[in-house]
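As structure tokens, the structure follows; a few thoughts come after it.
The values are calculated or read from the model by the stated rules, or taken from the named source; none is laboratory data. Since the structure is predicted, the reported quantities are computational estimates derived from the model, not experimental observations. Cβ atoms come from the backbone with ideal geometry, glycine included; neighbour counts cover every protein chain shown. Note: accessible area is taken over every heavy atom of the protein model, side chains too, but ligands, DNA and RNA are not part of it. Shrake-Rupley method; radii C 1.70, N 1.55, O 1.52, S 1.80 Å.
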Amino acid sequence: MCGRFSLTLPSDAMAQLFDATPSNALPDIPNYNICPTNFVHAVHKVEGQRRLVAMRWGFLPHWYKAENGGPLLINARAETIAEKPAFKAACRERRCLIPATGFYEWTKDADGNRLPWYIHPTDADLLVFAGVWQDWERDGVAHRTCAIVTTGANDRMSVIHHRQPVTLGPEDWALWLGEAGHGAATLMNAAPENALEFYRVDPKVNSNRASGPELIDPLDV
């Protein structure tokens, strides 16, 4: 799964990278501890043009009567996304790109303590997660919401967790966004074995209130 991530690339640099028009209201950068229900950067298509916008991380199906009206859907499983009622329309019609500098996963020691790991790209400055999005409105509250697509972990990543986010290279962005025809389902695979590196970080990131660049500093263990 993917339950926390970081993003440090400036918004204007991301707009240029994705060839997207930026929204006037984007989340603050850098952020070393992006948590569920936070607003995140995302790229999607609006009237044929790419837009870099803010989306609430936590997909809200249209039938939720409140923001907490059901399970918090921060991830969508690649294996079932096309059949799940919450996601099946979005996976056909509303796909997005969610940029990140890296993300966190946790293991446990013999005493049950949660040990955080920071995962980042081996040879790049940015990860791009495959995402799906959904507009939600109820009682005057409106959000554009998103979830990150996950798949079974590759052998290397499975040491930490049995799942990992689907990551997309620049050559895949147009297909995922629906600009290059059909076949986006073929992209929902684990990254190559050597695509990601990881290391232990300080347990202070276990708190969703923690902040600062020291959160991604390697921990001497």
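Below is a table of values for the structure above.
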item: Neighbour cut-off at most 13 other Cβ (10 Å), DSSP loop, trypsin sites (Lys or Arg not before Pro), region 170-221; result: Arg209
item: Average accessible area per residue (Å²) across the chain - probe 1.4 Å, nucleic acids and ligands excluded; result: 49 Å²
item: Over the chain, relative contact order from alpha-carbon pairs under 8 Å, at least 6 apart, %; result: 21 percent
item: Candidate lysines - alpha carbon under 16 Å from Lys108, same-chain residues fewer than 8 apart omitted; result: Lys204
item: Relative contact order of region 67-171, defined on C-alpha pairs under 8 angstrom at six or more residues apart (%); result: 26 percent
item: Within straight-line cross-link reach of Lys84, lysines at Cα separation under 28 Å, skipping those fewer than 8 residues along the same chain; result: Lys45, Lys65
item: Of all DSSP beta bridges in the chain, antiparallel share, percent nearest 5; result: 85 percent
item: Heavy-atom accessible surface of the chain: percent carbon and sulfur, 1.4 Å; result: 49 percent
item: With all protein chains modelled, accessible area of Lys108 [1.4 Å, Å²]; result: 150 Å²
item: Positive-pole candidate from Ala66, Pro22, Asn208, dipole of the chain, charges at beta carbon; result: Ala66
item: Dipole magnitude (debye, nearest 20) for the chain, charges at Cβ of Lys, Arg, Asp, Glu; result: 800 debye
item: Ranking by accessible area, most exposed first, for Arg77, Arg156, Arg94 with a 1.4 Å probe; result: Arg77, Arg156, Arg94
item: Solvent exposure ordering (accessible area, 1.4 Å, most first) of Ser6, Ser23, Ser158; result: Ser158, Ser23, Ser6
item: Taking region 133-221 and dividing mean pair separation by its residue count, relative contact order in percent (alpha carbons under 8 Å, at least six apart); result: 20 percent
item: For the chain: rounded, prolate or oblate by the Cα gyration tensor [a/c cutoff 1.5]; result: rounded
item: Accessible surface of His41 - all protein chains present, 1.4 Å probe, nearest 10 Å²; result: 10 Å²
